[in-house]
Amino acid sequence: MEFININRIQQEKEDWKKAWNSKKPFRYFHCDNFLHETKANEVLNSYPDPWQGEWDNTTYTNQKNKYQKRKFDEGTVLDRIFKELNSVEFLSLLAEITGIPNLMPDPELFGGGLHQSIKGAFLDVHIDYNIHPKTKQHRRLNVLVYLNKDWKDEYEGHLELWEINDTKKERIERIAPLFNRMAMFETNEISYHGHPHPLNTPKGLNRKSLAVYYYTDERPAEEVASEHNTIYVNTTGTKGKVKNLRSGFKALIERIKK
């Protein structure tokens, strides 16, 4: 494959499978050097600034300063890497590692594509929508590829994974969005995740990633739930409430202007 270091994954897939299945309460995994190094740099060099081209940067109460782009010119670097991430070869390998059979891509990259966050950005902890709005397939797996060189811990923007239920609200993992790092996790009714702390980057330094979501026609009966949109949870206390009030006000102003 042009971008994905598929030979490395083939060699290490049993280790990946073991690590994936060891995680509780939902399964997840991350690794570095996911793409061939020269190709990772090529993708980064092709990554547009948020003021270049068409981006969706709509503000919501639980999401602020996040830009999304999911349409790319045919044959470009970004078009080619997303096609590779949605290829039969890669999905077959993911199905083997995760134990989720018959994974299917979303060529339209609904909710996915390029995700770019600027200073002050956050995405509250949440579980994802569970049914694709057009195909009505079950959302089963998220894959994220980060493209941030020289990332410092103080910048925030970590992917946080949480265990949340009636008796517990506990962070179980904090993954820094480092360059050429891939993170994947299953999407179900308990796979809470987000980056709830506002991005604290120097001016002009943005958090960049690729996001791809995979689906199946069916899912285990014990995991089936009524169709729902994204469901958010406040994990940052009073600061989170204030943050949401401010972003909610910003979202209201945007809607009025439109």
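Each value in this text was obtained by applying a stated rule to the coordinates, not by laboratory testing. Just so you know, these numbers come straight off a predicted model, no measurement behind them. Cβ atoms come from the backbone with ideal geometry, glycine included; neighbour counts cover every protein chain shown.
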Exercise. To the nearest 500 deg cm²/dmol, what mean residue ellipticity at 222 nm is calculated for the chain from DSSP H runs of n ≥ 4 alone, each contributing -39,500 (n - 2.57), summed and divided by the residues?
Worked result: -8500 deg cm²/dmol
For this session: Can you grab the distance from the C-alpha centre of segment 171-240 to the C-alpha centre of segment 67-140, Å, no decimals?
Result: 13
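As a footprinting exposure proxy, order Tyr60, Tyr146 by other Cβ within 10 Å, with the fewest listed first. The partial results should precede the final answer.
Numbers: Tyr60 17, Tyr146 26.
Result, fewest neighbours first: Tyr60, Tyr146.
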Problem set entry | Prolate/oblate/rounded call for segment 50-189, Cα gyration tensor, a/c under 1.5 rounded | rounded
Exercise. For the peptides 83-90, 176-183, what is the packing order when you average, over each peptide's residues, the other Cβ atoms within 10 Å and list the highest mean first?
Worked result: 176-183, 83-90
Seminar exercise, completed: Fewest-first ordering of Thr167, Thr238 by Cβ atoms within 10 Å yields Thr167, Thr238
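Need one word for segment 112-184: rounded, prolate or oblate. Basis is the Cα gyration tensor (sqrt eigenvalues a ≥ b ≥ c); a/c below 1.5 gives rounded, then a/b vs b/c decides. Could you put the intermediate results ahead of the total?
Numbers: a/c = 2.03, a/b = 1.25, b/c = 1.62.
The shape class here is oblate.
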For this session: Name the most mobile residue of His158, His195, His228, meaning the one with the largest mean-square fluctuation, in a Gaussian network model of the chain with Cα contacts below 10 Å.
Result: His228
Problem set entry | Candidates Leu93, Leu199, Leu103, ranked by Gaussian network fluctuation over the chain, Cα under 10 Å, top entry | Leu93
Exercise. So which residue, out of Gln52, Gln137, Gln68, gets the largest mean-square fluctuation from a GNM of the chain using Cα contacts under 10 Å as springs?
Worked result: Gln52
